[in-house]
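Read the structure below first, then the notes.
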Amino acid sequence: MPKIAIILGSTRPGRNGEAVAHWVLDIAKQRDDAEFELVDIAEYDLPHLDEAVPPSMGQYTQPHTLAWAEKIRSFDGFVFVTPEYNHSTSGALKNAIDFLFAEWNDKAAGFVSYGAVGGARAVEHLRLVMGELKVADVRNQVTLSLATDFKNYSEFTPAEYQQGALGVVLDQVISWSNALAAVRAA
């Protein structure tokens, strides 16, 4: 059974992403075809990338990098929960991704985004990054509008259809994670 991380990609105080990530986890845990774990990048206290050697070399020296690498290595796939800040993902999430290389490779990723236009532009940027990291990103995504899926732009109240959209993303991430198991084993 694949192990899927739900990565909370914001460290901002009062972040909307925390409620979104818990919603994703609650729905995911109703399934019996994968294990799910919430991974909050804020708990890893990653500074701006401070490894001297490029991550593709796998020569990590910092304790925070080693802990982050161990966590990410343990998963078969990912669901990134990302805000959209200035037409992109959060700097904190991009920084956390940039710390590692091989730990991401040959795994699947899906996206749940939120923002003024549902966070769609943040996901477009993340898809480019995932390609470079040899992560197979699934087609479907969940886009949550601050205007319609949040009351007063801060209280998470997702439209009912969003649960179905999330189900499709989870189906695809699990399927692709299973399909890539042979690639990871090689």
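FYI, it's all coordinate maths here, none of it is from the lab. None of the values given here were measured: they were computed from a predicted structure. Note that each Cβ is placed from the backbone with ideal geometry, even for glycine, and that neighbours are counted across all protein chains shown.
Residues of the range 20-57 falling in the label zone of residue 86, defined by backbone nitrogen less than 17 Å from a point 7 Å along Cα to beta-carbon, are 48-49.
With the highest mean first, a sort of the peptides 113-122, 164-173 on other beta-carbon atoms found within 10 angstrom per residue produces 113-122, 164-173. Across the range 13-94, Cα-Cα pairs farther apart than 18 Å form 54% of the total.
Placing +1 on each Lys and Arg Cβ and -1 on each Asp and Glu Cβ, with no other charges, gives the chain a dipole about its Cα centre of roughly 280 debye. Computed over neighbours whose Cβ is under 15 Å from that of residue 87, the net charge equals +1, Lys and Arg +1, Asp and Glu -1. Note on the chain: GNM, Cα springs under 10 Å; of 27, 174, 41, the largest mean-square fluctuation is that of 27. Count Lys and Arg as plus one, Asp and Glu as minus one, and take only other residues whose Cβ is under 15 Å from that of residue 114; the net charge is then -1. In order along the range 91-108, the phi-based Karplus estimate (6.51 cos²θ - 1.76 cosθ + 1.60, θ = phi - 60°) of 3J(HN,Hα) comes to x, 5, 5, 4, 4, 4, 5, 5, 5, 10, 9, 4, 5, 8, 4, 6, 10, 10 Hz; Gly and Pro are listed as x. Report the Cα centroid-to-centroid distance between the range 7-55 and the range 70-96 in angstrom, as an integer. Here the two parts' Cα centres lie 7 Å apart. Placing pseudo-labels 7 Å out from each Cα toward the beta carbon at residue 61 and residue 152 gives an inter-label distance of 4.9 nm. Here the chain carries DSSP beta bridges of which approximately 10% are antiparallel, counting only pairs with both residues inside.
In this label model, residue 32 and residue 140 are separated by 2.1 nm, measuring between points 7 Å along each Cα→Cβ vector. Computed over the range 3-185, the convex hull of the alpha-carbon atoms projects to a mean area of 9.8 nm². Summarising the amide proton neighbourhood of residue 40: residues at separation of 5 or more, or on other chains, whose placed amide H is nearer than 5 Å comprise 8. Applying a DSSP loop filter and a limit of 10 other Cβ atoms within 10 Å to the GluC sites (Glu not before Pro) in the range 131-186 leaves 160. Residue-wise HN-Hα couplings along the range 3-13, as the Karplus relation 6.51 cos²θ - 1.76 cosθ + 1.60 with θ = phi - 60° gives them from phi, are 10, 10, 8, 9, 9, 7, x, 9, 10, 5, x Hz; Gly and Pro carry x.
Please go through the residue pairs 107/151; 71/94; 29/71; 29/134 and name each one whose alpha carbons sit more than 24 Å apart in this structure. From 107/151; 71/94; 29/71; 29/134, over 24 Å: 107/151; 29/134. Counting 0.36 nm for each residue step from residue 53 to residue 160 and taking away their Cα separation leaves a gain of 33.9 nm.
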